[in-house]
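Data block below; observations after.
The values are calculated or read from the model by the stated rules, or taken from the named source; none is laboratory data. Bear in mind the structure is a predicted one, so any value in this text is a computation, not a measurement. Here the Cβ is made from the backbone with ideal geometry for all residues, glycine too, and neighbour counts use every protein chain on show. Please note that ligands, DNA and RNA were not included when accessible areas were found on the heavy atoms of the full protein model with its side chains. Shrake-Rupley method; radii C 1.70, N 1.55, O 1.52, S 1.80 Å.
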Amino acid sequence: MKSIKRNWKKVLLLVVVALFSLQVMGGVFFYDLAIKRGPKDFLQNNADLDVADETMDLYVNGDWIDWVHDQEFEELTLESRDGLQLSGYFLPAASPTKKLVILTHGYLGNAKQMGLFGIFYYQELGYNIFMPDARGHGKSEGEYYGFGWPDRLDLIDWTNRLVERLGSDTEVVYHGLSMGAATVLMASGEAELPSQVKAIVADSPYGSVYQLFAYQMNRMFHLPAFPLLDSTSLVTKMRAGYLFKEASALKAVRKTEVPILYIHGKADTFVPVKNAIELYENTSSSSEIFLVEDANHGESYAAQPEEYKQKVQQFLDHTIE
């Protein structure tokens, strides 16, 4: 009997070790898949990221591309709190102004892609514009993607740097797309957020990194979030310094004092529109929401450009002096 009990204990121990090993390997696999810097082939031919032909034409051939190319951007650098060299692009307004917009791009994007919105702020609203490369993107250093959480502190540091340069009376607008939208929302709840930040535009945001990945893990791989996602979160904590559940825009907007305009496509299947609605319903500051028919992820501007610009301008007229 004692021999049988010992054998069962050994078997049980082996099973536990095997399951633990599988969780660790799974966590490392999904970290490398989504968080580690590098090409993300799993997103190619993803139906959730399909956009209309008109949208693709705007992204690839829009006038904004030549405009970005023709501008004499000043390239700025900043050392992050954890020692990374970050890069960004500043363009002063054509006429002197105290207004500044900081435009934050999405996952796997880069700073100058936000010229799609920058041309509007520069030409029609007369703003100074700044477009940073998020850590792990473009010219910025970093071996992982922060999905907004470490980036929120980078954004605050960039803001302080620019306010120091432009003056304490600078009025700052954050305008973010997708991961960039999550970044500006996560920053909005920080106690150290500069007082010069007067308004936020969040286009296609997600509520938290855990919420985003749980949805995508089910949609792409037909897997439940627990326990693999939790294992991946622990690997991310060890390698990138953050947990998925702490990286929450929803928690941040519950304590923000900055007015927020949410924009989201109703046909978004990559980050469902319910994310923006939940954020809007839980925002402690004054907030508005603009939902766009037939727009997929990040497609709202392309789907309704005039309505989009009008909504943004009206929101800023109410929040910026």
With contacts defined as alpha carbon pairs under 8 Å and 6 or more residues apart, what's the relative contact order of the chain in percent?
16 percent
Show me 299-308, 222-231 ranked by packing, highest mean number of other Cβ atoms within 10 Å first.
299-308, 222-231
Residues of the stretch 54-75 with backbone nitrogen within less than 19 Å of a virtual label 7 Å along the Cα-to-Cβ line of K139, please, listed as ranges.
65-75
Given a Förster distance of 41 angstrom, what is the FRET efficiency for E321 paired with F29, based on the Cβ-Cβ distance and rounded to 0.05?
0.20
For V197, distant residues with modelled amide H under 5 Å away:
V172
Once you charge only the Cβ atoms, +1 for Lys and Arg and -1 for Asp and Glu, what is the size of the charge dipole of the stretch 118-208 about its Cα centre, to the nearest 20 debye?
80 debye
With +1 assigned to the C-beta of every Lys and Arg and -1 to the C-beta of every Asp and Glu, and no other charges, what is the dipole magnitude of the chain about the Cα centre in debye, to the nearest 20?
2520 debye
Using the alpha carbons of the chain, what is the convex hull volume per residue in cubic angstrom, as a whole number?
145 Å³
Take every DSSP beta bridge whose two residues both sit in the chain, then give the antiparallel share in percent to the nearest 5.
30 percent
For the stretch 238-321, what log10 I(q)/I(0) values come out of the Debye formula at q = 0.27 1/Å, with one point per alpha carbon and no solvent?
-1.24
Provide the gained length on full extension for the span N45 to H69, in nm with one decimal, where the gain is 0.36 nm per separating residue minus the Cα-Cα distance.
5.8 nm
Test of understanding: what is the full-extension gain from K255 to S285, defined as 0.36 nm times their sequence separation minus their Cα-Cα distance?
10.0 nm
Log entry: pair-distance distribution for the stretch 74-214, C-alpha pairs binned every 5 Å from zero, whole % per bin is 2, 11, 22, 25, 22, 12, 4, 1, 0, 0
Gain upon complete extension [K274, L84; 0.36 nm per residue less C-alpha separation]:
64.9 nm
Probe of 1.4 angstrom, ligands and nucleic acids ignored: what's the accessible area per residue over the stretch 65-117, in square angstrom?
47 Å²
Highest-MSF residue in the chain out of T97, T283, T55 [GNM, Cα springs under 10 Å]
T97
How large, in percent, is the carbon and sulfur part of the accessible surface of the chain at a probe radius of 1.4 Å?
54 percent
1.4 Å probe accessible area per residue over the stretch 208-321, in Å²:
47 Å²
